[in-house]
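The values are calculated or read from the model by the stated rules, or taken from the named source; none is laboratory data. Keep in mind the model is a prediction, meaning the values are calculated, not measured. Glycine also receives a Cβ, built like all others from the backbone with ideal geometry; neighbour counts cover every protein chain displayed. Side chains are part of the model used for accessible areas, which takes the heavy atoms of the whole protein and leaves out ligands, DNA and RNA. Shrake-Rupley method; radii C 1.70, N 1.55, O 1.52, S 1.80 Å.
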Amino acid sequence: KDVSLYAPLSDLYAVSDILISDYSSAFFDYAIYGRPLRCFAYDLDRYKQERGFYMDLKRELPCKVYENEDDLIESIINIDYQKDSLATMKFAQKYIPNEGMACKAVAEEIIKRLND
């Protein structure tokens with residue numbers, strides 16, 4: 001199904017088994033679900049030259065960066081769902097440790113600073 005015009009994305013995240021994205025912050029949003037990620041970066045070198053990155057994707061993402069469709073499709077066909085899900089959970093622990101608790105953490109920090 002083509003859901004490219006569907007909003008909100010959170011509904012799509014909730015019903016999907018895997019996220020395939022490029023350079024989007026969707027990796028962080030989707031990691032909350034603890035499901036496998038795939039980075040499809042067919043234009044990696046050009047994008048890196050023109051726009052740059054705020055992080056080293058190949059080192060920081062819990063998945064390989066795929067630059068062609070055949071390798072991406074093969075990785076999905078041969079997925080180790082449990083292993084990839086664990087990698088996503090570790091990524092989430094590093095990058096979004098307050099997932100689901102961000103408002104509480106911000107409020108506690110504000111109260112702490114007000115009381116200092």
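Checking each residue in region 4-31 for being over 20 Å from Leu72 (Cα atoms), in a loop (DSSP other than H, G, I, E, B) and either touching a helix residue (DSSP H, G or I) at 6+ places or on another chain (Cβ under 8 Å) or open to solvent by less than 40 Å² (accessible area, probe 1.4 Å) (or both) picks out only Tyr6. Scan region 100-116 residue by residue and report those that are open to solvent by 90 Å² or more (accessible area, probe 1.4 Å), under 30 Å from Leu61 (Cα atoms) and modelled with pLDDT of 90 or more. Hit for region 100-116 is Glu108, nothing else. Applying a threshold of 6 Å to beta carbon distances and a minimum spacing of six or more residues, or different chains, the list of pairs starting in region 68-89 at a residue that is free of Cβ contacts under 8 Å to residues at least 60 places away in the same chain and ending at one that is surrounded by 12 or more Cβ atoms within 10 Å (Cβ to Cβ) and assigned to a helix (DSSP H, G or I) reads Thr88/Ala31.
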